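The values are calculated or read from the model by the stated rules, or taken from the named source; none is laboratory data. Worth saying up front: this structure is predicted, and the values here are computed from it rather than measured. A quick note on method: Cβ atoms are made from the backbone with ideal geometry, for glycine too, and the neighbour counts reach across all protein chains shown.
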Amino acid sequence: MAQLKIPLDAQRFSKGLSWKDYMAQMGDTRARTEDYYAKSGLTDDERKFFGGVNQVKYAMMIAENWCGDVHRNSPLIAHVCEAIPGCELRVFFRDKEADLRDTYLNNGYQSIPVVAFFDKDWNEIGRWIERSHPATVKAAQIRAKTVDAASKEQQDAATNEMRKQVGDAYAAPGAPLWRAAVQEMRSILELRLGLAKK
């Protein structure tokens with residue numbers, strides 16, 4: 001089966017924002033993302049694994065400043081990319097890059113963040129989208145008890161409470177939702193690069 005042609009090359013990639021530049025433009029949402037960056041660092045084992053991945057040369061992230069999943073998971077993606085030797089990360093805005101957005105739909109949805117890993121020849125190695133499976137389950141459980149249970153008049157307060165509880169779940173001791181996301185990214189690279197232990 002032929003690989004889907006990704007609308008990305010060195011010239012276009014160079015126009016994306018570095019992680020530092022992406023953070024610099026965030027405005028009033030920057031402090032929250034910086035807090036998650038501080039809390040979402042990799043474990044020694046995770047750093048060791050990603051430090052041994054040498055086939056990934058480029059990573060593209062699709063994001064938007066207003067998205068809670070981006071605030072929670074883009075810092076983790078940045079940590080993963082920083083741990084991969086020689087990996088260069090660039091961030092693109094979903095709503096300004098329709099072709100990239102449409103290439104990385106999540107079962108038809110425009111989910112973000114997206115990270116796609118490429119080799120030196122721009123062949124896609126793998127992609128990870130939005131949040132880990134355990135985080136999706138946890139967010140649905142929290143939503144059922146907050147937003148879905150609230151009256152119309154209580155929706156704004158319930159939405160804020162849901163966001164707080166989801167954020168707290170990420171920052172729980174041991175950071176289980178971030179660990180799950182890292183494991184999913186690791187599994188993708190192990191499978192595609194043949195790095196899984198025999």
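Summary table below
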read-out: Members of segment 1-31 found to be at pLDDT below 90 and under 16 Å from the mean Cα position of the chain (by Cα), listed by number; value: none
read-out: Residue ID - surrounded by the fewest Cβ atoms within 10 Å (Cβ to Cβ), chosen from residues in segment 25-59 that are hydrophobic (A, V, I, L, M, F, W, C) and within 17 Å of Ala181 (Cβ to Cβ); value: Ala38
read-out: Count of residues meeting criterion [exposed (fewer than 15 other Cβ atoms within 10 Å of the Cβ), touching a residue at least 12 places away in the same chain (Cβ under 8 Å) and of a type in the set (A, V, I, L, M, F, W, C)] in segment 1-24; value: 2
read-out: Which listed residue, of Lys57, Lys96, is closer than 18 Å to Lys15 by Cα, out of contact with any strand residue (DSSP E or B) (no Cβ under 9 Å at 6 or more places or on another chain) and basic (Lys, Arg); value: Lys96
read-out: Which listed residue is farther than 18 Å from Val70 by Cβ and either surrounded by fewer than 18 Cβ atoms within 10 Å (Cβ to Cβ) or not hydrophobic (A, V, I, L, M, F, W, C) (or both), from Glu124, Glu130; value: Glu124
read-out: Residue match in segment 104-112 (condition: of a type outside the set (Ser, Thr, Tyr), within 16 Å of Gln183 (Cα to Cα), touching a strand residue (DSSP E or B) at 6+ places or on another chain (Cβ under 9 Å) and crowded, with 18+ Cβ neighbours inside 10 Å); value: no
read-out: Residue in segment 102-116 that is farthest from the chain's Cα centre (by Cα), counting only those that are closer than 30 Å to Gly52 by Cβ and among the hydroxyl-bearing types (Ser, Thr, Tyr); value: Thr103
read-out: Segment 142-159 residues that are small (Gly, Ala, Ser), paired with ones that are buried (at least 16 other Cβ atoms within 10 Å of the Cβ) and assigned to a helix (DSSP H, G or I) (beta carbon under 7 Å, 6 or more apart); value: Ala150/Ala158
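This table checks each residue for (1) under 17 Å from the mean Cα position of the chain (by Cα); (2) modelled with pLDDT under 95.
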{"position": "Leu89", "(1), (2)": "yes, no"}
{"position": "Leu100", "(1), (2)": "yes, yes"}
{"position": "Asn123", "(1), (2)": "no, yes"}
{"position": "Gln183", "(1), (2)": "yes, no"}
